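Each reported figure results from applying straightforward, stated rules to the coordinates on display, with no laboratory input. Values in this document were obtained by computation on a predicted structure and should not be read as measured data. Note that we place each Cβ from the backbone using ideal geometry, even for glycine, and neighbour counts take in every protein chain shown.
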Amino acid sequence: MDRLVIEGGRPLEGTVPTAGAKNAVLSLLTAALLTEEEVRIENVPDLVDVHTMIGILEGLGGEVSFEPGGVVRAKVGAIHDPVAPWDLVRKMRASFEVLGPLVARCGRARVSYPGGCVLGLRPVDVHIKGLEALGARITTEGGDVVAEAPRGGLVGAEIYLGTASGSSVGATRNVLMAAVLAKGTSVLEGVACEPEIVDLAQCLIKMGAKILGAGSPTIVVEGVERLEGTCHRVIPDRIEAGTYITAGAITGGRVRVTGCRPEHLSSFLEALRAAGCPFERGEDWVETQPRGSADRLQATDVTTQPHPGFPTDLQAQWVSLMTLADGISLVTERIFSERYMHLSELLRLGAHVRRQNQTAIVEGIEGLSGAHLTANDLRGSAALVLAGLVATGTTEVHRVYHIDRGYERIEERLRALGANIRRESGD
Ligand code: UD1
């Protein structure tokens, strides 16, 4: 297993382009299951999770190519066996989102239960409730969710998809993709408003779907009989962009993140402003401005919420940033109950962090000191790398395969910004 070795302490400087959004690409690939024609997706990042989803499509009989320049062509001609087994679904939770498209197109589907993960209990009750409302009969057999549409196919319905923490991105996508091929009108309420949902809806509309309201809490879908192929360019990855902006902020350097959509990061940028981090922004870029080494950021509280609130996928990175701020920050996680694996690793760098219920209490200190760290989840690992960039001495982040799930060649991009970071194999 690879590790990242970082010699910290240099302010970063330079330009980093934003890759296509992982979370958007994954669902665009599942949308390819809704048509026998080719779906061409551009700006696709070369990530482990993307290859996992491609593997699932191929397992279902699809022909998928990943061409240089980030172009994926997916053609799922005939699906003889609409099954996504455990060994594929367990690698990545988003695989469960093939259920809706498969039952809509094939009338039946069998997809392994995704199970829990290090972020805490992650149920799929809302996915199931939504598909049942469209008429699917859902049972559990041998750890798989088995869905069967009524003889005439799924039927549009009025469905509330809210969750205890607000809304579910995955359930919204799963049910939306089923509703586009259902008969009649569906009104999906309490849905997620994330930019990745809007991107998916725009692609589905190009495929012939009739969808209104994506990006708002109510989506109205008029079912159609069939969808056709299309070409779609994926939106920039707001979480990757936010991570590199944090790299600029934490090192006090000048990092220009290009090709992003600052409007997708409004709550994060607002927090950055409140922390006193100087930055400039344009239509499609954000640039952190240099700060003197004695010029500390101000402790700033954040609470994660569904979009447009502060994203849970930037919570860990924010904790790293606040470990060096002046004062005590409260970072409250409202989406995933156990998303705190990074705290114990940050302690190893000397950070003063503790947890009380759903809140990380971060007491800012003047400096971190390098150590051996273990990555436990994707975004938490990025947070450890960020902390390593400012810690004195050497930081080694082990088990970096988590990072490779969501960041394309992170060490190369950080090196281009002047970081002293390298990948070594063999843990
Ligand atoms: C997606 C993102 C992930 C991000 C998360 C929240 C992808 C591939 N992943 O994950 O990076 O962190 O959104 O923005 O896009 N819930 C239920 N019942 C359900 C489904 C969800 O109670 O049936 C709850 C979850 O436990 C959680 C909340 O809803 O508390 C949000 O989860 P959800 O939006 O579904 O996350 P994912 O779609 O899995």
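Based on the Stokes-Einstein relation at 20 °C and a viscosity of 1.002 mPa s, and on the Kirkwood radius from alpha carbon pairs, the chain is assigned a translational diffusion coefficient of 98 µm²/s. With helices as the sole contributors, the chain gives -8500 deg cm²/dmol at 222 nm; each DSSP H run of n ≥ 4 counts as -39500 (n - 2.57), and the sum is divided by every residue. Label positions at SER337 and ILE365, each projected 7 Å from the Cα along the C-beta direction, are separated by 3.1 nm.
Applying 0.36 nm per residue to the separation of ILE328 and MET1 and subtracting their alpha-carbon distance, the gain on full extension is 114.1 nm. Remark: spin-label model distance GLU37-ASP87 equals 3.5 nm, labels positioned 7 Å along the Cα→Cβ axis.
Once you reduce region 286-357 and region 159-216 to the center of their Cα atoms, the two points are 31 Å from each other. For region 4-104, the set of GluC sites (Glu not before Pro) satisfying both a DSSP loop assignment and a count of at most 13 other C-beta atoms within 10 Å is empty. For the pair LEU212 and ASP295, label points projected 7 Å from Cα toward Cβ lie 5.0 nm apart. If R0 is taken as 30 Å, the Cβ-Cβ distance between GLU132 and GLU58 corresponds to a FRET efficiency of 0.55. Here the calculated FRET efficiency for LEU347 and LYS183, from their Cβ-Cβ distance with R0 = 51 Å, stands at 0.35, rounded to the nearest 0.05. For the chain, the longest principal axis of the C-alpha atoms and the axis of helix 48-59 are separated by about 20°. Extension gain for the segment ALA274 to VAL71, taken as residue separation times 0.36 nm less the Cα-Cα distance, is 69.2 nm to one decimal.
Along its three principal directions, the equivalent ellipsoid of region 25-233 from the Cα gyration tensor extends over semi-axes of 22, 20, 18 Å, largest first. In percent, rounded to a whole number, the relative contact order of region 134-280 is 17, using alpha-carbon pairs under 8 Å and six or more apart. Taking the Cα centre of the chain as reference, the dipole from Cβ charges on Lys and Arg (+1) and Asp and Glu (-1) amounts to some 260 debye.
Just want the answer: with Cβ charges of +1 for Lys and Arg and -1 for Asp and Glu, which residue in ALA171, ALA31, ASN43 is farthest toward the dipole's positive end in region 25-233? Selected residue: ALA171. Put simply, when 219-226, 321-328 are sorted by average Cβ atoms within 10 angstrom per residue, most first, you get 321-328, 219-226.
Of the peptides 129-136, 359-366, the ranking by mean beta-carbon count within 10 Å, highest at the top, reads 129-136, 359-366.
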